[in-house]
Amino acid sequence: MASPKKKLQGLVAATITPMTEHGEINFSVIGRYVDYLVEEQGVKNIFVNGTTGEGLSLSISERCRVAEEWVTEGRNKLDQIVIHVGALSLKESQELAQHAAKIGADGIAVIAPFFLKPWNKDVLINFLKEVAAAAPALPFYYYHIPALTGVKIRAEELLDGIQDKIPTFQGLKFSDTDLLDFGQCVDQNRQQQFAFLFGVDEFCIQRFINFVVKLENLKVSKNQRALALGTTDFPFPH
C-alpha cells in the first residue's frame, strides 16, 4: 500500500499557474514562487493543477510541464507535492497519474468527471480506482468539489469502505460548504488516519473574522466599555 513519507497536514497551498501577458505559462516564476511559499509564508506542501491552478483549462502537455517544474523547483524545499490529475477522459487521467509518479510527485488527486457524471458511489469509485491503479506507488486523494462538478455524492458516503477498493487512498480535499458532511468524514474515519483538507478558503476566512469579532464583543461586554472596531488589534493586517 502506498503511504506518504508523513501524513499530509497543515497548510497546503493550492498554487496558481503563472501566465505571461500573452497567455503562455511563465515557468520562470515557479522557482521564486516556491521560495516565497517556504521562506515568506512557511508553507511546505502544495496542490498543483487544481481549480486555483486552472488545471482543467490547460492542455495535457502544459499540465505535465507545470507539474515537472514544481517538482524540480520544490526538490529539497517542499515536503509534499500533490498533483491533481483529474480529467474528463479516464485515459488522460491515467496518463497524468503515470507522469506524476515518473517525475517524483508525492501524491495525486482526482476530481469527479463532470460531463458524463457518475450517478452513484460505485460508478465514481470505479473511475477513481482506475486512475489510482495507474500510479500504484503514490498516495491517492479524492478532490471533492460538487459546486463545480455537479456530482452530489456525499463525501461521507464515498469514504465508507473506500480503502477496500482503492488501497492507496490517503485522504480527501473537501471543497464544499456542507460542514455536516465534512464533520462526518472526519468523525467516522478516525482509525484510518486519513488526511482531510478543507478547501473553501473564503469560508474559513469569513468564519475566522466572525470569531474574532465575537471575541471582541465579549471583551466589550466584560469590561463594560465601548471599543471602536477600527482600533482593535486584529491578528491580521487592517
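State in Å² the accessible area per residue of the stretch 20-104; use a 1.4 Å probe, count heavy atoms of protein chains only, and round to the nearest integer.
Per residue, the stretch 20-104 has an accessible area of 50 Å².
Report the paramagnetic label zone for SER57: residues of the stretch 139-180 whose backbone N is under 17 Å from a point 7 Å from Cα along the Cα-to-Cβ axis.
Only 148-149 pass the distance filter.
Could you name the aspartates and glutamates in cross-link range of LYS152, using Cα to Cα under 13 Å and dropping any fewer than eight places away on the same chain?
ASP176, ASP178, ASP181
Using mean Cβ contacts within 10 Å as the protection proxy, how do 74-82, 38-46 order, highest first?
Going from most to least packed, we get 74-82, 38-46.
The values are calculated or read from the model by the stated rules, or taken from the named source; none is laboratory data. Because the structure is a prediction, the values reported are computed rather than measured. Glycine gets a Cβ as well: all are built from the backbone with ideal geometry, and neighbour counts include every protein chain shown. Side chains included, ligands, DNA and RNA excluded: accessible areas come from the protein's heavy atoms. Shrake-Rupley method; radii C 1.70, N 1.55, O 1.52, S 1.80 Å.
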